[in-house]
1. Taking GLN65 as meeting all but one of (1) in contact (Cβ under 8 Å) with a residue 24 or more places away in the chain; (2) surrounded by 15 or more Cβ atoms within 10 Å (Cβ to Cβ), write down the number of the exception.
2. Could you list, in sequence order, all residues of the range 1-13 that are of a type in the set (A, V, I, L, M) and either touching a residue at least 24 places away in the same chain (Cβ under 8 Å) or crowded, with 19+ Cβ neighbours inside 10 Å (or both)?
3. Could you tell me how many of the residues in the range 166-189 are assigned to a helix (DSSP H, G or I), over 17 Å from SER80 (Cα atoms) and of a type outside the set (S, T, N, Q)?
Amino acid sequence: MMLYFFLLILYAVIPPIALFLTLKMIYHDKYRYGIHLHYMFKYLFTFSFLPLLFIPNLKLGLIPQNKYSLMFLVLTFVLSVLGIKRAIKFKNLFFYFSGVFAAFMEEILYRSIIFSLAFVIWNNQWVALVVSSFLFGTWHLKNYYWSGKKNIIIQFFYTALFYGPVFGLMRIFTGDIYLAILFHYITDAACALASDWMRGWLVFGGRGKNYDDRYIK
């Protein structure tokens, strides 16, 4: 049991701290290689489930449970490709791809790894939902240098109290993470592909167009 607690703490603490520091490099320090470090860590966290495959009792939800789950996965990829043209039109391709990647990475991290670890520890799917949802909210505190002080608090509450539980319920009722990935993608894509007046602070980090992709090129 101590192993599962250790892993839960590790996954709850290391990923948000690492990305908090890389976002600081990008938006505060203007470090030219910050974006490369940012995505290097994102890829590492995405594939960090691989060692967990050898740990007993963990049901990561990575195996599609039925044909609908496969359909959700295929639909996510199809929509992702279809959205590229609109993202190019809005000159927002980087933000769009960030959202696509986040749909997979964050669902693997929170609805797969952390949910599964919490379920094994407490043997209760509702406790696992609460734990994974709360930590999903704390994950978004990493966006401090991107969102600003006021918006980061708002982001914490709506991700912890709304999106976290909604995606967690999808994990519970489907038995895997693919419906959650689809809806996570739709949420992020709606922010990236909507017209300027609709996108608001989610696209530009609460700082307006002056804080767009020029800091990450």
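1. (2)
2. MET1, LEU3, LEU7, LEU8, ALA12
3. Counting residues in the range 166-189 that are assigned to a helix (DSSP H, G or I), over 17 Å from SER80 (Cα atoms) and of a type outside the set (S, T, N, Q) gives 8.
All of the numbers you see were taken from the coordinates with simple rules; none came from a lab. All figures in this text were calculated on a predicted structure; none of them were measured in a lab. Backbone-built Cβ (ideal geometry, glycine too); neighbour counts: all protein chains shown.
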